[in-house]
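Visitor: The structure that follows is given in the form of structure tokens.
The values are calculated or read from the model by the stated rules, or taken from the named source; none is laboratory data. What you are looking at is a predicted structure, and each value in this text was computed from that prediction instead of being measured. With ideal geometry, Cβ positions are generated from the backbone for all residues, glycine too; neighbour counts draw on all protein chains shown.
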Amino acid sequence: MSEKKEKHERFGRYLILDHLVDGGMAKICRARFLGEQADKIVAIKMVQPQFSQDESFKTMFLDELKVTFSLIHPNIVQTYDYGIYKNQLFVAMEYCDGRNLKEYLDKLKENKFVFPVEISIYIITQVCQALHYAHTLTDKLTGKKANIIHRDISPHNIMLTFDGAVKVIDFGIAKAETNSESTQAGTIKGKISYLAPEYLEGFDLDPRYDEFAVGITLWEMLCNRKLFKAKNELAILKKIQECNIPKPSSINPRVTKELDEIVLKCLSKDRNQRFENLDKLNRTLIKYLYSYFPDFNSSDLSYFSQELFKAEIKDDRSKMYEFGSIDLRPYLDDLKNEKDGVSSKEGIDEGPKLKKEQVLDFGFQQENTNKISLKKKRNNISILGEEENSESLKGGEEKKKKNLERTNKIHIPKKTTSKKKLRKKKKRGTSTKRKNHLRKKKNKKLILIFSLLIVSLIIIFTINRSNENPKITGNISKKNKDPIKTKPENESNKNIVDGQVTFKNFDSTQQKVFLNGKEVKVDVFGSFKIPLLKENIIRVEEIDLANFVTLVKLSKEKPQIELEIPKMPEVSYGYLVTYQDCLEGKIFFEIFKEKREETLPIDPQMGIAFPMDGELTPTKYKVKYKKKGEKILRNVEFTFKVEDDVVDLCNII
């Protein structure tokens, strides 16, 4: 039983595919532009009819269009089209294949993970570039500055595509010189949690207002929590007025003091203390990014996005393939009839219809191209010209010349010589050169006709074979009935090189993971790779707690494992350090059941942490070290005391 195909709504020149956001004032849909030459996926915002008919709303809507139509920047969603269709205002925009930043933050919070610092900084640099472009935009026709201020920057209005692009959206309440109405007293435009203090104090707004919202967004990405949060809106406004901003490093230990200073400068209560403009902030962040993360690449955001939304991307791709299979011809015909004033056809059927005839274009003709239609009539094959109802090939020299003119581009004069006259000319005497020319010409005709017959036979044979029921081996998917080849269990495990460990309760803001003594990067799901067929020492480090250490050995039969990090006891630490000019070599010791090897000299800012047994009892340790170029292992002993928990190794070796 064949499934009934879903019918889609046509909205003017657009075919509505599905709804992305359904709001009380407007809805945003994913749509396909209906064009004869090309089509593309767009996001179309359709205002509800009751608002579309309101004159003041129309004015506001046109204000939005005046702002957005002039903005053409790689980090700003572009506006393509606008108008009124069936009493509904609409605007067609660039479609972003991704999610907004708020959805990213929510997804990360579910997995107890935060944005990597370098990706957070990169996203904000792109937002800065978009906003600085809008802030400094000048009308090319008049030379007048637009003085655009977004006024609604928040994670909701920053789109991150799965390809790694960053786009600022929704300039709907942007303040510009072109606005026909000013903001009414007592009304708040923008999300309350992202307002700047000067807004509440009634000052005129400038680009530094957007900078404050950008600073809030960066703070929230680094800390993965709301900055201004309270029980009610009045309490939130009070917090904004007070503007007491905690350092991001107090929540996320991976944030450095230098980055703290950049974020807090953006969030200064006095806007004169902030960066002069967003270009200055952008330059500062880029300098910091490549100073601390020299290997960072913009494609890292794409990999991060695709890993985070792996399941959603898979579902969405299957939807897009379905949308791609829609037959647009009925909708195009319907649109054409509407333009011509003809009533729309009902019951559009978008299912593709199979033709009995296979039409092929061999590309022999450049002008007046004729398609060769192959029909199967019992065991006979007939080659037809452009019109399917034309008669079958007739004998005679004249007809052959016409067919050759179509297929071989041979110029035949309009005035043709009859057979009788040709015979008379031959009798009078034809030169040897003329005879050879005619013979070659005749041979060319025969070769061409013979070639076409062979090609036709091959195509018909191929079509017949494709219509037969093929034998399918392997499992068949119930959804699409396509054959799926399955490998034997041993063969499928043959190419597995790495195993995977996943922590159920990993907290990236507080914990670090070490594999065989080296720190590893844990993905958003708390997973990381380990070698198979060997014992691996996994250590989880957390500030002021004892390290969790475990041995894990995975095989090809069992390449994955889930672990839970137990609650570790609190412990005090002493630190072993050296001067930079101390001897070069290696230091060997065992701690938390893990054999460790470190390079000398030790970084004095980091040191090597050793747990202390108690607050009152001095703790002794024995370690071995080897000087560079020697094979001799030397022993050394040192003690941590409560009043002095740092020991310089250079003083005792």
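Visitor: Taking the stretch 498-543 as the search range and keeping residues that are under 25 Å from the mean Cα position of the chain (by Cα), hydrophobic (A, V, I, L, M, F, W, C) and not in a strand (DSSP E or B), which one is surrounded by the most Cβ atoms within 10 Å (Cβ to Cβ)?
Guide: Result: Val524.
Visitor: Let me ask something else about it. If you go through the stretch 504-543 one residue at a time, how many are more than 20 Å from Lys112 (Cα to Cα) and of a type in the set (D, E, K, R)?
Guide: 3
Visitor: I need a count of the residues in the stretch 96-145 that are farther than 17 Å from Ile72 by Cα, in a loop (DSSP other than H, G, I, E, B) and in contact (Cβ under 8 Å) with a residue 40 or more places away in the chain.
Guide: Total satisfying the criteria: 7.
Visitor: Would you call Ile286 within 21 Å of Asp163 (Cα to Cα) and touching a Ser or Thr at 6+ places or on another chain (Cβ under 9 Å)?
Guide: Working: within 21 Å of Asp163 (Cα to Cα): yes; touching a Ser or Thr at 6+ places or on another chain (Cβ under 9 Å): yes.
Taking the combined requirement at face value, the residue satisfies it.
Visitor: Could you tell me whether Glu562 is without any contact (Cβ under 8 Å) to a residue 24 or more places away in the chain and either of a type outside the set (Phe, Trp, Tyr) or not in a strand (DSSP E or B) (or both)?
Guide: On the way: without any contact (Cβ under 8 Å) to a residue 24 or more places away in the chain: no; either of a type outside the set (Phe, Trp, Tyr) or not in a strand (DSSP E or B) (or both): yes.
It is false that Glu562 is without any contact (Cβ under 8 Å) to a residue 24 or more places away in the chain and either of a type outside the set (Phe, Trp, Tyr) or not in a strand (DSSP E or B) (or both).
Visitor: Scan the stretch 48-64 and give yes if some residue there is under 25 Å from Ile262 (Cβ atoms) and either out of contact with any strand residue (DSSP E or B) (no Cβ under 7 Å at 6 or more places or on another chain) or of a type outside the set (S, T, N, Q) (or both), otherwise no.
Guide: Residues of the stretch 48-64 that are under 25 Å from Ile262 (Cβ atoms), as a first pass: none.
Scanning the stretch 48-64, I find no residue that is under 25 Å from Ile262 (Cβ atoms) and either out of contact with any strand residue (DSSP E or B) (no Cβ under 7 Å at 6 or more places or on another chain) or of a type outside the set (S, T, N, Q) (or both), so the answer is no.
Visitor: Out of everything in the stretch 255-275 that is touching a Leu at 6+ places or on another chain (Cβ under 9 Å) and farther than 17 Å from Pro207 by Cα, what residue ends up being surrounded by the most Cβ atoms within 10 Å (Cβ to Cβ)? Working first, answer last.
Guide: In the first step, residues of the stretch 255-275 are kept if they are touching a Leu at 6+ places or on another chain (Cβ under 9 Å); the result is 255, 259, 262-263, 265-267, 274-275.
Right, trim to farther than 17 Å from Pro207 by Cα and you get 255, 259, 262.
On the way: Val255: 21, Leu259: 23, Ile262: 21.
Out of the qualifying residues, it is Leu259.
Visitor: Something else now. Looking only at the stretch 554-565, count every residue that is closer than 13 Å to Val497 by Cα and either surrounded by 15 or more Cβ atoms within 10 Å (Cβ to Cβ) or among the charged types (D, E, K, R) (or both) and tell me the total. Explain how you work it out, then say what you get.
Guide: Filtering the stretch 554-565 for residues closer than 13 Å to Val497 by Cα gives 554-560.
Next, only the ones that are either surrounded by 15 or more Cβ atoms within 10 Å (Cβ to Cβ) or among the charged types (D, E, K, R) (or both) stay: 554, 556-559.
Number satisfying all stated conditions: 5.
Visitor: So which residues in the stretch 82-107 are closer than 16 Å to Asp523 by Cβ and crowded, with 19+ Cβ neighbours inside 10 Å? Full working, then the answer.
Guide: Kept after step one, since they are closer than 16 Å to Asp523 by Cβ, are these residues of the stretch 82-107: 104, 107.
Correct list: Tyr104 only.
Visitor: Can you find, within the stretch 590-630, the residue that is farthest from Lys518 (Cα to Cα) among those that are surrounded by fewer than 14 Cβ atoms within 10 Å (Cβ to Cβ), charged (D, E, K, R) and at pLDDT below 85?
Guide: Step by step, filter the stretch 590-630, then rank; the result is Glu615.
Visitor: Can I ask one more? Among the residues of the stretch 65-77, are any among the β-branched types (Val, Ile, Thr), under 22 Å from Ile153 (Cα atoms) and assigned to a strand (DSSP E or B)?
Guide: Narrowing the stretch 65-77 to residues among the β-branched types (Val, Ile, Thr): 67-68, 72, 76-77.
With under 22 Å from Ile153 (Cα atoms) added as a condition, the list becomes 67-68, 72, 76-77.
In the following step, the residues that additionally are assigned to a strand (DSSP E or B) were identified as 76.
Yes: one or more hits.
Visitor: Would you be able to tell me the number of residues in the stretch 247-275 that are part of a helix (DSSP H, G or I) and either among the acidic types (Asp, Glu) or under 21 Å from Gln129 (Cα atoms) (or both)?
Guide: 12
Visitor: If the Cβ limit is 6 Å and pairs must be 6+ apart or interchain, which residue in the stretch 223-235 that is touching a residue at least 12 places away in the same chain (Cβ under 8 Å) pairs with which residue that is of a type in the set (Gly, Ala, Ser) and surrounded by 14 or more Cβ atoms within 10 Å (Cβ to Cβ)?
Guide: Once the first residue is touching a residue at least 12 places away in the same chain (Cβ under 8 Å) and sits in the stretch 223-235, its partners that are of a type in the set (Gly, Ala, Ser) and surrounded by 14 or more Cβ atoms within 10 Å (Cβ to Cβ) give Phe228/Ser193.
Visitor: Can you find a residue that is at pLDDT below 95, assigned to a loop (DSSP other than H, G, I, E, B) and of a type in the set (Gly, Ala, Ser) anywhere in the stretch 87-94? Let's see the steps before the verdict.
Guide: Taking the stretch 87-94 and keeping what is at pLDDT below 95, we get 87-94.
Still in the list and also assigned to a loop (DSSP other than H, G, I, E, B): 87.
Filter once more, keeping what is of a type in the set (Gly, Ala, Ser): none.
So far as the stretch 87-94 goes, no, none of its residues is at pLDDT below 95, assigned to a loop (DSSP other than H, G, I, E, B) and of a type in the set (Gly, Ala, Ser).
Visitor: Mind checking whether some residue in the stretch 156-167 is at positive phi and assigned to a loop (DSSP other than H, G, I, E, B)? Don't jump to the end; show me each part of the working.
Guide: First pass over the stretch 156-167, keeping only residues at positive phi: 164.
Within this subset, residues satisfying the condition of being assigned to a loop (DSSP other than H, G, I, E, B) are 164.
Yes.
Visitor: Within the stretch 276-288, take every residue that is assigned to a helix (DSSP H, G or I) and of a type outside the set (D, E, K, R) and give me the one that is farthest from Pro207 (Cα to Cα). Break it down stepwise before answering.
Guide: At the first step, the residues of the stretch 276-288 found to be assigned to a helix (DSSP H, G or I) are 278-288.
From the residues that got through so far, the ones that are of a type outside the set (D, E, K, R) too are 278, 281-282, 284-286, 288.
Details: Leu278: 8, Leu281: 12, Asn282: 14, Thr284: 17, Leu285: 18, Ile286: 20, Tyr288: 23 Å.
Of everything passing the filter in the stretch 276-288, Tyr288 is farthest from Pro207 (Cα to Cα).
Visitor: OK, next. Condition (residue is closer than 22 Å to Glu338 by Cβ, among the hydrophobic types (A, V, I, L, M, F, W, C) and at pLDDT 90 or above) applied to the stretch 42-63: is it met by at least one residue?
Guide: Yes - at least one qualifying residue is present in the stretch 42-63.
Visitor: Regarding Tyr331, is this residue under 24 Å from Ile16 (Cα atoms), assigned to a helix (DSSP H, G or I), within 29 Å of the chain's Cα centre (by Cα) and among the aromatic types (Phe, Trp, Tyr)? Steps first, answer last, please.
Guide: Numbers: under 24 Å from Ile16 (Cα atoms): yes; assigned to a helix (DSSP H, G or I): yes; within 29 Å of the chain's Cα centre (by Cα): no; among the aromatic types (Phe, Trp, Tyr): yes.
Judged against the criteria, Tyr331 is not a match.
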